[in-house]
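Enquirer: Please find one structure pasted underneath; my questions will follow.
The values are calculated or read from the model by the stated rules, or taken from the named source; none is laboratory data. Bear in mind that the values here come from a model prediction, so they are computed numbers and not experimental data. All Cβ positions, glycine included, derive from the backbone under ideal geometry; neighbour counts span all protein chains shown. Just the protein is used for accessible areas: all its heavy atoms, side chains included, with ligands, DNA and RNA removed. Shrake-Rupley method; radii C 1.70, N 1.55, O 1.52, S 1.80 Å.
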Amino acid sequence: MSATPGARSSRPTGTSAVTHRTVQIDGVEVFYRAAGPVGAPVLLLPHGYPCSSFQYRALIPALADRWRVVAPDFPGFGYSDTPEDFAFDFDGYADLLDRFAVALELRRYALYLHDYGSQIGLRHAIRRSGRVTALIIQNGDIYEDTLGPKYAAIKDYWRDPSPAHLDVLERAVSEEGFRDEFIGEVSSRVAPRLTPDLWRLHWQLMDTPARRALSVGLMKGLRENLQWFPRYQDYLRTYRPPTLILWGPQDGYMPLEAGRAYLRDLPDAEFHAFDDGGHWLLETHLAEV
């Protein structure tokens, strides 16, 4: 494995200033944002769909006075490469997260788990339980019985992978589909807090045949991912990592019940729900988080 960081910022590491860098991992250029003292406790931030490390752009400097905060873009997202031979599935991303931590010499860290990042991060935690010091879980589902109503279109495809059902998934991978992901569920009072940069920037970065295909592929792969849910739950019961749960109930994929379900396996976790918050709490409730 090769790991040669290349700076994209003149500011040094070890300060609260956010730096933007790349690291080569087996020939794949991975972009990441980082801030905070090198010797401080580490918080690793795998991102969700359809975003990138951009979703953590405000959280990183807010914590950097006392944490070393690191957020990569996964291959096929943000400013990272989209290599033809990469495994664009949850196993592939969990493996990449492992190699990314090794490349940056991150030996112990807390994980912020959100959206797809919860699936990726928990697979990584199962593999590297000795590295994970704590969890912050924010709108990431691992309980099949609490899946929200927005899963209906995906379940329709699982039940009948016809062109008509596939077309619904493909149409979701669009600028309008991304916009709906970000502001389609929160109230008109909360929606103005979400910058249009979120869907316009990410659509510009995702609007290639390869990236659109991998996005649809990840939705298709959620069916196989359900088989991992009991394994995630067993990890939580077995290791009982200190956990903070933050939840926006206005989320059609992951309603309030999906957040409270974690308390089945982590009864000592600290749980906070933000009644008018949705899937993107860092955009709408940053100070409270």
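Enquirer: What number of residues within segment 20-48 satisfy the criterion of being under 22 Å from Val132 (Cβ atoms) and in contact with a Phe, Trp or Tyr (Cβ under 9 Å, 6 or more places away or on another chain)?
Expert: 17
Enquirer: So which residues in segment 113-131 are surrounded by 22 or more Cβ atoms within 10 Å (Cβ to Cβ) and of a type outside the set (Gly, Ala, Ser), if there are any at all?
Expert: Once the filter is applied, which keeps residues that are surrounded by 22 or more Cβ atoms within 10 Å (Cβ to Cβ) and of a type outside the set (Gly, Ala, Ser), segment 113-131 yields Leu113, His114, Asp115, Tyr116, Gln119, Ile120, Leu122, Arg123, His124.
Enquirer: Sort out which residues of segment 21-45 are within 22 Å of Ala94 (Cα to Cα) and out of contact with any Asp or Glu (no Cβ under 9 Å at 6 or more places or on another chain), and write them in order of number.
Expert: Arg21, Gln24, Ile25, Asp26, Ala34, Pro41, Val42, Leu43, Leu44, Leu45
Enquirer: If you don't mind, there's one more thing I want to ask. Just to check your reading of the model, which residue among Pro230, Pro241 is open to solvent by less than 80 Å² (accessible area, probe 1.4 Å) and part of a helix (DSSP H, G or I)?
Expert: So the residue among Pro230, Pro241 that is open to solvent by less than 80 Å² (accessible area, probe 1.4 Å) and part of a helix (DSSP H, G or I) is Pro230.
Enquirer: Consider segment 193-227. How many of its residues are assigned to a helix (DSSP H, G or I), among the polar types (S, T, N, Q) and within 19 Å of Arg179 (Cα to Cα)?
Expert: 2
Enquirer: Got at least one residue in segment 141-157 being within 15 Å of the chain's Cα centre (by Cα), open to solvent by less than 10 Å² (accessible area, probe 1.4 Å) and either charged (D, E, K, R) or under 23 Å from Gln233 (Cα atoms) (or both)?
Expert: yes
Enquirer: How many residues, within segment 181-190, are open to solvent by 70 Å² or more (accessible area, probe 1.4 Å) and free of Cβ contacts under 8 Å to residues at least 24 places away in the same chain?
Expert: The qualifying residues number 1.
Enquirer: Here's another thing I want to ask about it. For segment 1-44: of the residues being open to solvent by 40 Å² or more (accessible area, probe 1.4 Å) and of a type in the set (Lys, Arg), which is modelled with the lowest pLDDT?
Expert: Out of the qualifying residues, it is Arg11.
Enquirer: Is it the case that segment 196-203 has a residue that's open to solvent by 10 Å² or more (accessible area, probe 1.4 Å) and farther than 20 Å from Gly76 by Cβ?
Expert: Yes, the conditions are met somewhere in segment 196-203.
Enquirer: Kindly indicate which of Glu176, Glu170, Glu224 is under 22 Å from Asp141 (Cβ atoms), open to solvent by 20 Å² or more (accessible area, probe 1.4 Å) and out of contact with any Leu (no Cβ under 8 Å at 6 or more places or on another chain).
Expert: Glu224
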